[in-house]
1. Please state the relative contact order of the chain as a whole percent: Cα pairs under 8 Å, 6+ residues apart?
2. Out of Leu62, Ala83, Trp14, whose Cα points farthest toward the positive end of the dipole of the chain (charges: +1 Lys, Arg; -1 Asp, Glu; placed on Cβ)?
3. Taking 0.36 nm per residue of separation and subtracting the Cα-Cα distance, what length does fully extending Ala29 through Thr7 add?
4. At 222 nm, what value in deg cm²/dmol follows for the chain if DSSP H runs of at least 4 each add -39500 (n - 2.57) and the sum is divided by all its residues, to the nearest 500?
5. Output the DSSP H helices from the chain with an along-axis C-alpha extent of no less than 20 Å and a mean Kyte-Doolittle hydropathy no less than 0.0.
6. May I ask for the percentage of alpha-carbon pairs in the range 2-109 that lie more than 17 Å from each other?
7. Which value, in debye to the nearest 20, describes the size of the charge dipole of the range 2-109 about its Cα centre when Lys and Arg Cβ atoms bear +1, Asp and Glu Cβ atoms bear -1, and nothing else is charged?
8. Would you mind putting 47-58, 7-18 in packing order, based on average other-beta-carbon counts within 10 Å, highest first?
Amino acid sequence: MRHSRWTFLIAALWSVAAAHAYAGNAGRAIYRAHCSVCHGSNGQGAMPGMPSFTQKGGVLRLPDTVLLHRIENGYRGAGAPMAMPPKGGDPALTQQEITRVLGYIRRKFGHE
Ligand code: HEC
């Protein structure tokens, strides 16, 4: 009994860790495929007009609800030279993928 309980616990921990790693890698893959062309692999913007994700007090200060909405629907702030295209330009991007890529951006470039 004792043995199978440990086996179960280890298997459960492993699957949580694996799911976590998968979500992290998926976020990175989505970022590289869909976002880095404009936002840069360093998150600081590949060209003028892109917000820097690494800047303190920058766009990542905004709550998830706002950023998820802007990623999903696109966004152009007042006076901005360029718009953020809905879903980074890929209509096939799912809500789960958008959540994952935002998680990746926060972990990789954020300050919290
Ligand atoms: C064609 C270029 C382009 C691509 C591709 C792109 N973005 Fe953007 N993104 C922008 C621009 C330009 C802005 C700034 C818009 C503004 O401030 O008006 C922006 C802004 C943002 C913001 C901040 C929103 C805000 O409040 O200013 C986030 C978060 C973001 N993008 C995430 C993403 C994610 C995630 C992807 C990939 C799925 C992506 N972007 C793909 C151009 C792009």
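1. Numbers: 109 pairs, mean separation 30.7, N = 112.
About 27 percent, as a whole number.
2. Trp14
3. Difference between extended and current length: 4.7 nm.
4. Details: 4 runs with 58 residues, N = 112.
Helix-only estimate at 222 nm: -17000 deg cm²/dmol.
5. On the way: long enough: 2-30 (42 Å, 0.35); 95-109 (21 Å, -0.70).
Helices passing the filter in the chain: 2-30.
6. Working: 3328 of 5778 pairs.
So the pairs more than 17 Å apart make up 58 percent of the total in the range 2-109.
7. Numbers: 13 positive and 4 negative charges, 80 e Å.
For this selection, approximately 380 debye.
8. On the way: 47-58: 13.3, 7-18: 10.0.
Per-residue Cβ counts within 10 Å, averaged per peptide and sorted highest first, yield 47-58, 7-18.
Every read-out reported here was derived from the displayed coordinates using simple, explicitly stated rules and does not represent laboratory data. Please read these numbers as outputs of a predicted model, since none were measured by experiment. So basically every Cβ, Gly included, is an ideal-geometry build from the backbone, and we count neighbours across all protein chains shown.
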